[in-house]
Amino acid sequence: MEEIASLLAANGAYAEARAHVADARPGRHLAIVTCMDARIDVFAALGLHLGEAHVLRNAGGRVTEDVLRSLALSSHVLGVRTVVVMQHTKCGLAGVTDNELRERTGADLGFFPIDDHGAALREDVDTLIATDFLHPIQTIAGLVYDVESGVLEDVVRWQRSLGQATSAS
Ligand SMILES: [Zn+2]
């Protein structure tokens with residue numbers, strides 16, 4: 001409860017000083033799918049400002065059904081044309097298995113564990129490409145963020161006009 005009080009107190013100061021963005025459509029027509037990891041400051045790491053991008057976060061930064069649901073709205077209702085999937089080093093979902101995570105959590109779920117970032121990003125980009133209702137999306141990139149150096153690795157790119165996904169480097 002102390003934590004909640006601290007959040008409400010901080011909000012008092014924020015509300016007075018905040019930047020107000022009237023338009024709900026992301027100004028850069030951009031959505032970022034990334035991990036919930038507390039070490040990633042998505043806006044700072046990518047040079048983004050309030051109002052410029054949708055940020056969809058979950059464990060691992062994986063393309064799940066719920067990410068597809070959000071992107072359906074991002075792309076059809078709110079003008080998003082570019083999607084960046086950003087995984088990261090030292091991720092809690094890397095190097096573990098679904099079975100281990102089911103055992104640790106007691107939750108009988110698919111956790112989308114990551115064996116290899118390159119393969120996982122390609123899989124997620126392929127899922128986006130193969131999702132028919134996401135046809136407004138023109139450009140997709142898969143990146144890995146290094147939580148120690150802050151440096152991004154450019155792993156996979158796809159452009160609707162060109163068709164196939166390609167390795168970035
Ligand atoms: Zn993570």
Inter-part gap, Cα centre of the stretch 1-79 to Cα centre of the stretch 128-144, in whole angstrom, is 19
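Which percentage, to the nearest 5, of the DSSP beta bridges contained in the chain is antiparallel?
Details: 9 of 28 bridges.
Counting only bridges with both partners in the chain, antiparallel ones make up about 30 percent.
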Estimate the FRET efficiency between residue 97 and residue 9 by the formula 1/(1 + (r/R0)^6), using the beta-carbon distance for r and 30 Å for R0, to the nearest 0.05.
-> 0.10
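How large is the accessible surface per residue of the stretch 26-123, computed with a 1.4 Å probe and reported in Å² as a whole number?
For the stretch 26-123, the solvent-accessible area averages 51 Å² per residue.
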Over the chain, what relative contact order in percent results from Cα pairs under 8 Å that are six or more residues apart?
-> 20
Under a GNM of the chain (C-alpha, springs under 10 Å), which listed residue has the highest mean-square fluctuation: 40, 140, 129?
-> 40
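What's the ranking of 15-22, 94-101 by average number of surrounding C-beta atoms within 10 Å, highest first?
Details: 15-22: 7.8, 94-101: 13.4.
Top of the packing list down: 94-101, 15-22.
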Using a Förster distance of 35 Å, how high is the FRET efficiency between residue 126 and residue 36, based on the Cβ-Cβ distance and rounded to 0.05?
-> 0.95
Among 1, 24, 42 the positive-end extreme of the charge dipole of the stretch 1-45 (Cβ point charges) | 24
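Across every pair of different alpha-carbon atoms, what Kirkwood hydrodynamic radius in Å does the stretch 27-169 reach? Mind showing how you got there, number by number?
Values: mean 1/r = 0.0648 Å⁻¹.
Computed over Cα pairs of the stretch 27-169, the Kirkwood hydrodynamic radius comes out at 15.4 Å.
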For every helix of n ≥ 4 consecutive DSSP H residues, a contribution of -39,500 (n - 2.57) applies; sum these over the chain, divide by its total residues, and give [θ] at 222 nm rounded to the nearest 500 deg cm²/dmol.
-> -10000 deg cm²/dmol
Percent carbon-and-sulfur accessible area, the chain, ignoring ligands, DNA and RNA, probe 1.4 Å | 53
For the stretch 114-169, using Cα atoms only, the Rg and Dmax in Å read 12.0, 37
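The values are calculated or read from the model by the stated rules, or taken from the named source; none is laboratory data. Just so it is clear, the structure is predicted and the values come from calculations on it, not from any experiment. When we count neighbours, we look across all protein chains shown, and the Cβ atoms used for this are built from the backbone with ideal geometry, even at glycine. Side chains are part of the model used for accessible areas, which takes the heavy atoms of the whole protein and leaves out ligands, DNA and RNA. Shrake-Rupley method; radii C 1.70, N 1.55, O 1.52, S 1.80 Å.
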